[in-house]
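I have placed the structure first, in the form of structure tokens, so that the comments after it can refer back to it.
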Amino acid sequence: MKLKEPLIALLATLFVNVGVNAVQPTPAQLEAFKKLPPEQQMMLYQQYGGDLLTGRQGRDNSFKEVEVIKPRQEDNSRDRRFSPNNYNSEGELNAGETPPDRSWLTDLEKLSKASPRERVLNWDELPRFGYELFAGEPTTFAPVTDIPVPAQYMVGPGDTIQLRLYGQKYESYDLVVSRRGEVNITDVGSLVVAGLSYEEMKRELTAQIKRKMVGVEVNIAMGELRSMRIFVLGSAYKPGSYTVSALATISSALYVSGGISDQGSLRSIQLKRNGEVITTFDLYDLLINGDTSSDMVLQPGDVIFIPPVGKLVGVTGEVVTPAIYELLPDEQLFSTLMEFCGGLLPTAALSEINLLRVVKSGAREVVNLDTPQKRQSQPLQAGDLVRVMPVLDNVVNQVKLSGYVNRERALAWFAGMRVSDLLSLSQSLKVGTDLDYAIIRRENRGESRVEALDVNLGELIQNPASSANLALQAGDELILFNSGTGRIEALAPLINELRRQSRYGTPPKVVSVSGSVRNPGSYPLTSGMRLSDLMRASYGLLPATERRYALVERLQGMGEQISVHAF
């Protein structure tokens, strides 16, 4: 509907002043507005949201953020490694006192660099699930009122109803619901609104006003809501009485009051009214399932009672959320614990799940949960710690290419695979690769030992059908070398392995060459290896080498005697 043209400039000035600068409208502006039909008045009122009678801004889109929770102060008295007497009342270290030794905290930094099996935490290192929600303490005890009012809100004594009339009559009321649940409106009378929902109250008041006042349009909103006093008792972080909004629920009251102490239960929070338990609130339903069905709206005088924590069971290792969880008396199976922690990760070793339990003697025992049947039937007790180990890092169906290559890589092994297949699947050989000498590191799983095989790449390239084209096994690693330097460094890990697996009376399968050779150092002893093969491995003699004389030193017997041979 279009506005009358002569009033456009006047009304624009009116709403700019009222909506932006919040200036009291002049009598002339107000009279011009009153001459408009009710439909146009309603359209302008809804569009600009200004209070045309008082000059106040009717729609405040700013949301005032009230800080009601601040981080909890560090409780120095809980530091078992230091006496609380060394601190003053403000938690600061007394003069002349040395700070406590907190070097143990560096263990947490080491975990980020540890292997997956080293990151399996103990009970003392696991967090308590859910308590981080209340990792703060209240900064104010005033109710939070800057929240939207739902349509189902139950109107009660102390609530303020904002009533705006326009059309044939222009008035504004801030109606406070009396103790009898009534509001008194001029020319209408007393109306009972307590016990009605917000939507029902708006419909009832609108119908009653229009019945008594012809040609009047009605706008109704909730003003300041009533506050009420409730109690948070038991194992609360800050037990006591609190003033909360009429919209407060169990969870919001817990949050505003600072939450639950470390000794409190998250599973059996009781709402008591007139001495009777109305409902039991389980925070796990909210944290894990997002279920708020039992999060009831509070009434004046309600008591939120937090009992002591119940049965605690921990889970660590390859699960989604390692933590310590609280179980109810009827929750004692492994499957329940898995629901709480989010289940097993894909890297969990199902054959290495065990249970660490405290027995009556005061010691700990390990219960294997390596089969689905054991995990399904094993009951859990207070203090149990379920440990889920990760799978081993070993990859059983791969071969590796390393050393003097463009990029070290691992490739999938297949039956009948040979060295030529590995080289063709990888990038071409780098310029300067030693084609006379390469090594295959092989794991002999039957004897749990590592051995080395000599490969002549030049012979293999010239004749792929020759014996130099060795068949590969899963787990083999082909090590290539530069024709210049660097092969001793590349062979060092393999040499160390060969030395470590030797025992008394059995020298390590390692040979060494020194003197006038291009690459002096230690080399793996391969099957049928001769002196010429060692010279080939070291990339030959230097130009000024005396070729008519050399010495070979050899261990004999149990390794206690040395013989020297001249060549």
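The values are calculated or read from the model by the stated rules, or taken from the named source; none is laboratory data. Computed from a prediction, not measured in an experiment: that's the story for all the values here. Here the Cβ positions follow ideal geometry from the backbone for every residue, glycine too, while neighbour counts run over all protein chains shown. Keep in mind that these areas ignore ligands, DNA and RNA; they rest on the heavy atoms of the full protein, side chains included. Shrake-Rupley method; radii C 1.70, N 1.55, O 1.52, S 1.80 Å.
Worth a mention:
- Of the residues making up the range 461-485, those that are open to solvent by 20 Å² or more (accessible area, probe 1.4 Å) and touching a Ser or Thr at 6+ places or on another chain (Cβ under 9 Å) are 461, 464, 477, 482, 483.
- Filtered residue count, the range 458-510, keeping only those that are of a type outside the set (A, V, I, L, M, F, W, C) and over 24 Å from residue 411 (Cβ atoms): 15
- Within the range 378-396, being hydrophobic (A, V, I, L, M, F, W, C) and assigned to a loop (DSSP other than H, G, I, E, B) holds for 380, 382, 391, 392, 395, 396.
- Of the residues making up the range 398-452, those that are among the aromatic types (Phe, Trp, Tyr) and more than 22 Å from residue 518 (Cβ to Cβ) are 413, 414.
- Matching option when the condition is assigned to a strand (DSSP E or B), surrounded by 17 or more Cβ atoms within 10 Å (Cβ to Cβ) and of a type in the set (A, V, I, L, M, F, W, C), among 405, 367, 399: 399
- Within the range 114-157, the set of residues being at pLDDT 65 or above and part of a strand (DSSP E or B) comprises 128, 154.
- Here 330, 285, 302, 291 are screened, and the one residue that is in contact with a Lys or Arg (Cβ under 8 Å, 6 or more places away or on another chain) and not hydrophobic (A, V, I, L, M, F, W, C) is 302.
- Subset of the range 158-178 that is in a loop (DSSP other than H, G, I, E, B) and at pLDDT 90 or above - its residue that is farthest from residue 248 (Cα to Cα): 178
- First in the range 525-546 and within 24 Å of residue 496 (Cα to Cα), second anywhere and of a type in the set (Phe, Trp, Tyr) and surrounded by fewer than 10 Cβ atoms within 10 Å (Cβ to Cβ), Cβ under 9 Å, 6 or more apart: 531/567
Yes or no, residue by residue, for (1) at pLDDT 90 or above; (2) acidic (Asp, Glu); (3) over 30 Å from residue 352 (Cα atoms):
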| site | (1), (2), (3) |
| --- | --- |
| 378 | no, no, no |
| 388 | yes, no, no |
| 395 | no, no, no |
| 401 | yes, no, yes |
| 405 | no, no, yes |
| 440 | yes, no, yes |
| 447 | no, yes, no |
| 452 | yes, no, yes |
| 468 | yes, no, yes |
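- Entry remark, the range 426-460: residues being within 28 Å of residue 394 (Cα to Cα) and open to solvent by 80 Å² or more (accessible area, probe 1.4 Å) number 5 in total.
- Residue within the range 343-364 that is assigned to a strand (DSSP E or B), free of Cβ contacts under 8 Å to residues at least 12 places away in the same chain, under 28 Å from residue 264 (Cα atoms) and open to solvent by 30 Å² or more (accessible area, probe 1.4 Å) present: yes
- Criterion violated by residue 494 - all others in (1) under 19 Å from residue 405 (Cα atoms); (2) outside any helix (DSSP H, G or I) satisfied: (2)
- Residue that is least open to solvent (accessible area, probe 1.4 Å), among those in the range 286-306 that are within 29 Å of the chain's Cα centre (by Cα) and small (Gly, Ala, Ser): 294
- Here residue 341 meets each of (1) in contact with a Leu (Cβ under 9 Å, 6 or more places away or on another chain); (2) closer than 22 Å to residue 376 by Cβ with one exception, condition (1).
- Flag if residue 309 is surrounded by 15 or more Cβ atoms within 10 Å (Cβ to Cβ) and touching a residue at least 24 places away in the same chain (Cβ under 8 Å): yes
- The residues of the range 176-196 that are open to solvent by 20 Å² or more (accessible area, probe 1.4 Å) and of a type outside the set (Val, Ile, Thr), listed by number, are 178, 179, 180, 182, 184, 187, 189, 190, 191, 194, 195, 196.
- Meets criteria (within 24 Å of residue 370 (Cβ to Cβ), at pLDDT 90 or above and of a type in the set (Asp, Glu)) for residue 318: yes
- Failed item in (1) in contact (Cβ under 8 Å) with a residue 40 or more places away in the chain; (2) out of contact with any Gly (no Cβ under 8 Å at 6 or more places or on another chain); (3) surrounded by fewer than 19 Cβ atoms within 10 Å (Cβ to Cβ), with residue 516 passing the rest: (1)
- Qualifying residue in the range 489-503 (condition: open to solvent by 50 Å² or more (accessible area, probe 1.4 Å), in contact (Cβ under 8 Å) with a residue 12 or more places away in the chain, out of contact with any Leu (no Cβ under 9 Å at 6 or more places or on another chain) and not charged (D, E, K, R)): no
- For the criterion of being among the polar types (S, T, N, Q), assigned to a loop (DSSP other than H, G, I, E, B) and open to solvent by 50 Å² or more (accessible area, probe 1.4 Å), residue 527 passes.
- All helices (runs of 4 or more DSSP H) inside the range 185-299 with 2 or more residues being modelled with pLDDT under 90: 198-212, 250-256
- Pick from the range 408-425, criterion open to solvent by 80 Å² or more (accessible area, probe 1.4 Å) and not aliphatic (A, V, I, L, M), ranking: farthest from residue 537 (Cα to Cα): 414
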